Amino acid sequence: MSRRLSAILVALALVFCATAAFSFYKLVASAETMEVAAKNYLASLSAEQRAKAAVAYEDMVRVDWHFIPKPDGAREGVKVRDMNDEQKKAAHALLKAALSEAGYSKATQIMALEGLLHELEKSKGGKNIRDTERYFFTVYGTPKSDGKWGMSVEGHHLSLNFVVDKGKVVSTTPSAFGANPAIVMSDNVPSIKKGTRVLAKEETLALELVASLTEDQKKEAVIADKPPSEVRAAGAAQASAEAAKGILAEKLTGQQRGILQSLIDEYAKSFPPDVAQDRLESVKNDGPAKIRFGWAGSPKQGEGRYYCIQGPSFQIEFVNVQPDSAGNPANHIHSVWRDLRGDFAIPAK
């Protein structure tokens, strides 16, 4: 075989592989995968369970979200604890379809931390219900490629909300991830090792950015000496409309903007590639002249801190001020991504 013919065959093979890879990606686009997984989840349930898990898309309970440990009966959907093994597998397949591998890992680790909280709080009387399977799965509307439907997975420190319209994921907000403890300080549960840090980069990248700021930059970036006690509009159907505060991204050095971008990427990459790309495209369109980074509190471990990254289309908030269940100060994270154009695919007013 001539070298020319060999080169042509290699080129054709590469084109074929690239085409096949693109086709495969199209086949497993997140909306399609979520639709199949949602149907399988609903099909696995009993009629009684399905009455709880399948809610009309128009029902306003769809926007009743939060990441606090609500009492039984306060959340719609079916609780994992009430599922059999087959149903649990179907529920987790739906969660996997809605998130990236990294996002699924964070979500399941957050669930696992409830087991640690159970151990830490037993001596205090266990006023809060701590259960690794106290998470609720709900489907809103009928999952189908030519219609609009939604889903949510929610429990303590986790609130994930999605809308799919005509075979495309059009909303993933509000999305909230929390961690208590932020850093596991002791080996109380064999499966959760000391030093475990579920939301590590969400905190360490922000600290790296703050440490890199000059004194003049800090005058703009630091929006308060003390951090707020909570992220804004927690549980509200739409994000806070308060104007962004802090330093503009365009006033950061190239290296600092790189850290800021890595921080934003960390939030986005909890979702499948096509969804993450949509999020990051919105951030890119906002541009460094309109995105602000605001910081409040202390960079020291064990002292409260907060930051917000906000542009015209999005708002990321992070707060770490509460003690963990063992009493270690400022070791309890709440973080959230909101869509300022409208959460839940409902246009903001």
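Worth pointing out:
- Gly147 passes every criterion in (1) out of contact with any Leu (no Cβ under 6 Å at 6 or more places or on another chain); (2) closer than 22 Å to His92 by Cα; (3) small (Gly, Ala, Ser) apart from (2).
- Residue match in the range 84-93 (condition: under 21 Å from Arg130 (Cβ atoms) and within 19 Å of the chain's Cα centre (by Cα)): yes
- Here the range 63-81 is the region considered, the condition is being of a type in the set (Asp, Glu) and surrounded by 14 or more Cβ atoms within 10 Å (Cβ to Cβ), and the residue that is nearest to the chain's Cα centre (by Cα) is Asp64.
- Test for Gly195: is it in contact with a strand residue (DSSP E or B) (Cβ under 9 Å, 6 or more places away or on another chain) and free of Cβ contacts under 8 Å to residues at least 60 places away in the same chain: no
- Boolean, Thr196 is modelled with pLDDT of 95 or more, outside any helix (DSSP H, G or I) and out of contact with any helix residue (DSSP H, G or I) (no Cβ under 6 Å at 6 or more places or on another chain): yes
- Any chance Val231 is under 14 Å from Trp295 (Cα atoms) and either touching a Pro at 6+ places or on another chain (Cβ under 8 Å) or surrounded by 12 or more Cβ atoms within 10 Å (Cβ to Cβ) (or both): yes
- Flag for Val231 being under 25 Å from Phe344 (Cα atoms), β-branched (Val, Ile, Thr) and modelled with pLDDT of 95 or more: yes
- Per the conditions (1) over 22 Å from Arg338 (Cα atoms); (2) in contact with a Pro (Cβ under 9 Å, 6 or more places away or on another chain); (3) not hydroxyl-bearing (Ser, Thr, Tyr), the sole criterion not satisfied by His156 is (1).
- Test: Ala289 is closer than 30 Å to Met60 by Cβ, in contact (Cβ under 8 Å) with a residue 40 or more places away in the chain, open to solvent by 20 Å² or more (accessible area, probe 1.4 Å) and among the hydrophobic types (A, V, I, L, M, F, W, C): no
- Taken together, the residues in the range 131-167 that are touching a residue at least 40 places away in the same chain (Cβ under 8 Å), part of a loop (DSSP other than H, G, I, E, B) and of a type in the set (Lys, Arg) amount to 2.
- Summed over the range 121-159, residues that are open to solvent by 10 Å² or more (accessible area, probe 1.4 Å), at pLDDT 95 or above and among the β-branched types (Val, Ile, Thr) total 2.
- Residue under evaluation Ala243, criteria (1) at pLDDT 95 or above; (2) of a type in the set (A, V, I, L, M); (3) closer than 19 Å to Ile183 by Cβ; (4) more than 20 Å from the chain's Cα centre (by Cα), criterion not met: (3)
- Ile346 crowded, with 23+ Cβ neighbours inside 10 Å and either aliphatic (A, V, I, L, M) or touching a Cys at 6+ places or on another chain (Cβ under 9 Å) (or both): no
- Residue within the range 241-250 that is open to solvent by less than 20 Å² (accessible area, probe 1.4 Å), assigned to a loop (DSSP other than H, G, I, E, B), touching an Asp or Glu at 6+ places or on another chain (Cβ under 8 Å) and under 24 Å from Leu207 (Cβ atoms) present: yes
The values are calculated or read from the model by the stated rules, or taken from the named source; none is laboratory data. Nothing here was measured: the structure is a model prediction, and the numbers come from that model. Note that each Cβ is placed from the backbone with ideal geometry, even for glycine, and that neighbours are counted across all protein chains shown. The accessibility values were calculated without ligands, DNA or RNA, using every heavy atom of the protein model including side chains. Shrake-Rupley method; radii C 1.70, N 1.55, O 1.52, S 1.80 Å.
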